[in-house]
Ligand SMILES: [Zn+2]
Ligand SMILES: [Zn+2]
């Protein structure tokens, strides 16, 4: 099977490939968390998982109804009509796939920075950060409107870039899997973490981003490739208080009971705290 046959097969079986990748990765991370827990959870796991996974179900349903074709459909249209950079240059197919995955990842990094900087977007993104624990379910916990805006941004990126359809499928599969990996509450040997975090964002690297401290929260924005934080100056090695003692969540959101309706309402009820860029007290520092 060559690469174009393989990509035809992936595109033809996309829903099944997506669902099995999600379930397989989820089960693997959930098991790993049981045998090598990194931190004790603060909130009861059953209640948290029910809320977080209900939000995933709401999001999946909403996206199927609102934007069923999504980024993959947009890539197919762009290919057909010759839109976007890569549909207008002749480069080998495998190179186009690799370039597309890397450029889309940079797009997601920039979008994540934007969600932290702009107060109205931060309100939506707070739902991800308000989780008082950090585990595999946190990785998929995003407000429905954030998911929809992200999809819009990704579709715009696809129109500009003109990636092969399979590159978009691969990108979404990989991002989904790495998000579950880098939010997992798992203990990796420190030496392995040091090597691995040159290739992929590790749980210890992304956990820093979930700190209640504003300057730690405003670092390590990468979800997949770790290079953007290092290249663009947002990388932070470790949390000041250490991984076991750092506090996770948002300093202005003390609730540990966060049912589904609370998650959906948070952007419209809570304050932004001092996290977005125009709320930072630059004179004082933020400890
Ligand atoms: Zn964030
Ligand atoms: Zn996160």
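Which value results when the Cα radius of gyration for the stretch 32-80 is divided by 2.2 N^0.38 Å?
1.83
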Simple label model, 7 Å out from Cα along Cβ direction - residue 102 to residue 61, nm
4.1 nm
So for the pair residue 21, residue 118, with labels modelled 7 Å out along Cα→Cβ, what separation do we get in nm?
2.7 nm
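Would you please give the FRET efficiency between residue 268 and residue 41, computed as 1/(1 + (r/R0)^6) with r the Cβ-Cβ distance and R0 = 30 Å, to the nearest 0.05?
Numbers: r = 27 Å, r/R0 = 0.92.
Approximately 0.65, to the nearest 0.05.
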With springs only between Cα atoms under 10 Å apart, run a GNM on the chain and tell me which of 199, 108, 170 wobbles the most.
199
If I build a Gaussian network model for the chain, linking alpha-carbon pairs within less than 10 angstrom, which residue out of 163, 203, 119 has the largest mean-square fluctuation?
119
The stretch 223-259 and the stretch 134-203: distance between their alpha carbon centers, rounded to Å:
15 Å
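How far, in nm, would the chain grow between residue 281 and residue 8 when pulled straight, counting 0.36 nm per residue and subtracting the alpha carbon separation?
Numbers: separation 273, 0.36 × 273 = 98.28 nm, distance 5.23 nm.
Computed gain between residue 281 and residue 8 is 93.0 nm.
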Expected unfolding gain across residue 145-residue 252 under the 0.36 nm per residue rule, minus the alpha-carbon gap, is 36.3 nm
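Would you please give the FRET efficiency between residue 231 and residue 90, computed as 1/(1 + (r/R0)^6) with r the Cβ-Cβ distance and R0 = 25 Å, to the nearest 0.05? Mind showing how you got there, number by number?
Details: r = 28 Å, r/R0 = 1.13.
For residue 231 and residue 90, the calculated efficiency is 0.30.
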Top mean-square fluctuation among 207, 257, 123, Gaussian network model of the chain, C-alpha springs under 10 Å?
257
Part-to-part distance (alpha-carbon centres) for the stretch 62-91 and the stretch 107-129, which is given in Å:
24 Å
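Find how much the distance from residue 245 to residue 49 grows on full extension, using 0.36 nm per residue of separation minus their present alpha carbon separation; answer in nm with one decimal. Please list the in-between numbers first.
Values: separation 196, 0.36 × 196 = 70.56 nm, distance 2.24 nm.
Full-extension gain reported as 68.3 nm.
Relative contact order for the stretch 70-189 using alpha-carbon pairs under 8 Å, separation at least 6, rounded to a whole percent?
On the way: 128 pairs, mean separation 57.0, N = 120.
Normalised by residue count, the contact order of the stretch 70-189 is 48 percent.
Any read-out appearing in this document is the output of simple, stated calculations on the displayed coordinates, not a laboratory observation. From a predicted model like this one, the values you see are computed outputs, not experimental measurements. Cβ coordinates were reconstructed from backbone atoms using ideal geometry, including for glycine residues, and neighbour counts include every protein chain displayed.
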